[in-house]
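The values are calculated or read from the model by the stated rules, or taken from the named source; none is laboratory data. Since this is a predicted model, take the numbers as computed values, not measurements. When we count neighbours, we look across all protein chains shown, and the Cβ atoms used for this are built from the backbone with ideal geometry, even at glycine. Accessible surface areas use protein heavy atoms only, side chains included; no ligands, DNA or RNA. Shrake-Rupley method; radii C 1.70, N 1.55, O 1.52, S 1.80 Å.
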Amino acid sequence: MAYNPINIENRKYLLTGAGSGIGRTTAILLSKLKARLVLLDINEKGLNETNKLLDNEAQTYVCNVCDFDAIEEIIKDSVQKSGKFDGFSHFAGIASIMPIKAVEKETAQKLLNINTLPVLQFAKLLSNKRYSNNGSSFVLISSVYANVGSSANVLYAMSKAGIQGITKSLAIELSAKKIRVNCIAPGFIKTPMGDGISHFFEEKHDEEVEKMHPLGYGESEDIANAVIFLFSDMSKWITGTIMNVDGGFCAK
Ligand SMILES: NC(=O)c1ccc[n+]([C@@H]2O[C@H](COP(=O)([O-])OP(=O)(O)OC[C@H]3O[C@@H](n4cnc5c(N)ncnc54)[C@H](O)[C@@H]3O)[C@@H](O)[C@H]2O)c1
């Protein structure tokens, strides 16, 4: 048989935020590798569009990731229908451009509720051997802005720095169960999330962002490829890592 170190055929992964952007691209590439997918998003239309782009139909659930009870129901339902999971990645997220003078507790809580806290519920359930196979891999999504400061970004940075702390603690705690927990810190990728906040920037935003990345703007595939590597056995001795996938942004 041909050498194929990224053999994830038939493995089952849960992806949140799969209705758009990086989550959608990751679903598409995983389906090309014949992984089985369970996709979650609050946006039903986006989720259905993603499903149409896959090589094999995924199980989809319209879900607000802030709803921990719904997450538990989905995991139980999916395990009953198609067996245990081999890992998850939490892509669902929102951005926030807001100077500290405008920050309110409710907005801060919202960023944590969507970007950070759902990881705890997914990890709690999917570290239970009733719901997960041995050797599962969790891939959490942070941002370069957890590593590097920038103006009016305190809430997003907080939510993504939390992801990095969770990664390291969970990697230690779950190592006894042979579950690996890693994190990707992406640089700028053109997705609907970036479009949604572009009006906050000067006209030359694209040019400026390009200059911040020695290798230029990234694509969703660049992040998806790293997720696939971390899901696969190619990374079987890697846990607790924060992997910058950022075209050199953090090397400067
Ligand atoms: N695009 C970038 O430049 C960039 C850089 C660093 C990190 N990231 C991170 O990558 C991840 C994916 O970002 P993207 O650029 O693909 O964004 P996107 O806006 O294209 O996709 C985010 C998805 O999350 C879903 N979502 C939002 N709130 C939800 C909720 N409460 N429940 C369920 N689903 C919800 C949205 O419907 C959407 O489909 C995010 O965590 C983001 O913070 C993105």
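Say whether the condition of being in a helix (DSSP H, G or I), on the phi < 0 side of the Ramachandran plot and in contact with a His (Cβ under 8 Å, 6 or more places away or on another chain) is met by at least one residue in region 91-101. Don't jump to the end; show me each part of the working.
Pass one, region 91-101, residues in a helix (DSSP H, G or I): 100-101.
Okay, now just the ones that are also on the phi < 0 side of the Ramachandran plot, so 100-101.
Restricting the remaining residues to those that are in contact with a His (Cβ under 8 Å, 6 or more places away or on another chain) gives none.
Checked region 91-101: no residue is in a helix (DSSP H, G or I), on the phi < 0 side of the Ramachandran plot and in contact with a His (Cβ under 8 Å, 6 or more places away or on another chain).
Under the condition of being modelled with pLDDT under 95 and part of a loop (DSSP other than H, G, I, E, B), which residue from region 206-252 is nearest to Ala176 (Cα to Cα)?
Lys252
If you take the residues of region 32-48 that are hydrophobic (A, V, I, L, M, F, W, C) and surrounded by fewer than 19 Cβ atoms within 10 Å (Cβ to Cβ), which of them is nearest to Gly194 (Cα to Cα)? Step through it out loud before you land on a result.
Restricting attention to region 32-48, the residues satisfying the condition of being hydrophobic (A, V, I, L, M, F, W, C) are 33, 35, 37-40, 42, 47.
After this cut, where a residue has to be surrounded by fewer than 19 Cβ atoms within 10 Å (Cβ to Cβ) as well, the list is 33, 42.
Values: Leu33: 28, Ile42: 18 Å.
Looking at the filtered set, the residue picked out is Ile42.
Where residues in region 1-31 are in a helix (DSSP H, G or I) and open to solvent by 30 Å² or more (accessible area, probe 1.4 Å), which of them is nearest to the ligand (Cβ to nearest atom)? It would help to see each step written out before you state the result.
We begin by selecting, within region 1-31, every residue in a helix (DSSP H, G or I); these are 21-31.
Among the residues that remain, those that are also open to solvent by 30 Å² or more (accessible area, probe 1.4 Å) are: 22, 24, 28-29.
Details: Ile22: 4, Arg24: 7, Ile28: 13, Leu29: 14 Å.
My answer is Ile22.
Condition test on Val103, is it within 16 Å of the ligand (Cβ to nearest atom) and touching a helix residue (DSSP H, G or I) at 6+ places or on another chain (Cβ under 7 Å)? Working first, answer last.
Working: within 16 Å of the ligand (Cβ to nearest atom): no; touching a helix residue (DSSP H, G or I) at 6+ places or on another chain (Cβ under 7 Å): yes.
So Val103 does not fit the description; no.
Given the conditions (1) of a type outside the set (Ser, Thr, Tyr); (2) in a helix (DSSP H, G or I); (3) farther than 24 Å from Asn153 by Cα; (4) open to solvent by less than 20 Å² (accessible area, probe 1.4 Å), which single one is not true for Asn51?
Asn51 satisfies all of (1) of a type outside the set (Ser, Thr, Tyr); (2) in a helix (DSSP H, G or I); (3) farther than 24 Å from Asn153 by Cα; (4) open to solvent by less than 20 Å² (accessible area, probe 1.4 Å) except (4).
Please name all residue pairs, on different chains or six or more residues apart, with Cβ atoms under 6 Å, provided the first residue is in region 83-105 and is within 21 Å of Thr191 (Cα to Cα) and the second residue is part of a loop (DSSP other than H, G, I, E, B) and β-branched (Val, Ile, Thr).
Ala92/Val65
In region 191-202, how many are modelled with pLDDT of 70 or more and more than 7 Å from the ligand (Cβ to nearest atom)?
1
Name, by its number, the condition in (1) within 12 Å of the ligand (Cβ to nearest atom); (2) farther than 17 Å from Ala108 by Cβ; (3) open to solvent by 30 Å² or more (accessible area, probe 1.4 Å) that does not hold for Leu140.
Single failed check for Leu140: (3).
Criterion first (under 17 Å from Met212 (Cβ atoms), open to solvent by less than 10 Å² (accessible area, probe 1.4 Å) and within 11 Å of the ligand (Cβ to nearest atom)) does Ser159 satisfy it? Spell out the reasoning first.
Values: under 17 Å from Met212 (Cβ atoms): no; open to solvent by less than 10 Å² (accessible area, probe 1.4 Å): yes; within 11 Å of the ligand (Cβ to nearest atom): yes.
It is false that Ser159 is under 17 Å from Met212 (Cβ atoms), open to solvent by less than 10 Å² (accessible area, probe 1.4 Å) and within 11 Å of the ligand (Cβ to nearest atom).
Could you tell me which numbered condition Gly83 fails, if it satisfies all but one of (1) small (Gly, Ala, Ser); (2) in contact with a Leu (Cβ under 9 Å, 6 or more places away or on another chain); (3) more than 15 Å from the ligand (Cβ to nearest atom)?
Of (1) small (Gly, Ala, Ser); (2) in contact with a Leu (Cβ under 9 Å, 6 or more places away or on another chain); (3) more than 15 Å from the ligand (Cβ to nearest atom), only one is false for Gly83: (2).
What is the number of the single condition among (1) in a strand (DSSP E or B); (2) on the phi < 0 side of the Ramachandran plot that Gly87 does not meet?
Every condition holds for Gly87 apart from (2).
Name the residues in region 124-136 that are buried (at least 21 other Cβ atoms within 10 Å of the Cβ) and assigned to a helix (DSSP H, G or I), would you?
Step one: list which residues in region 124-136 are buried (at least 21 other Cβ atoms within 10 Å of the Cβ), which gives 125-126, 132, 136.
Correct list: Leu125, Leu126.
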